[in-house]
Amino acid sequence: MQPFLFYVVIYSRNFVESGKFYSKIGFNVQKHKHGDGDQHFVCKSGDTLLEIYPLPSSDNQNVTKNIKIGFKVASHETILNQGEFFRQYLYLPPRKTEWGRKMSLIDPDGHIIDLFEF
């Protein structure tokens, strides 16, 4: 069996806003906690989990930087038609690429999120 991506963890200084951001993309964002660990958000994409952990402003050890994550979505317009929320995060508008139509957002912590239409 070939390896496959199981989970991705990002750390967020803008925890609540990040949960809202990924929820508005279309993920079912849930609060979660493992035993005595920190409460965090988790959302599932196929067999892959995206986990978002809160990061105190004093913690510079666990900062996630320069991360780019790509997702497939049904429609860019559905996302952009949610009012001003996503306009503030728009990095590159929808455009044709060799892999299909792509739009890029910057999440509340500066991670680039590429959205490809199905």
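The values are calculated or read from the model by the stated rules, or taken from the named source; none is laboratory data. None of these values were measured; they are calculated from a predicted model. Every residue, glycine among them, receives a Cβ derived from its backbone with ideal geometry; neighbour counts consider all protein chains shown.
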Pairs under 8 Å by beta carbon, first residue within 19 Å of Asn62 (Cβ to Cβ) and of a type outside the set (Ser, Thr, Tyr) in region 7-26, partner in a helix (DSSP H, G or I) and modelled with pLDDT of 95 or more, six or more apart or different chains? Ile10/Ser18
Determine the pairs where a residue that is at negative phi, located within region 47-58, has a partner that is aliphatic (A, V, I, L, M) with Cβ atoms under 6 Å apart, the partner being 6 or more residues away or on another chain. Thr48/Leu5; Leu49/Val42; Leu50/Val8; Glu51/Val9; Glu51/Val42; Ile52/Ile10
Go through region 17-33 and report how many residues are within 14 Å of Leu49 (Cα to Cα) and of a type in the set (Val, Ile, Thr). 1
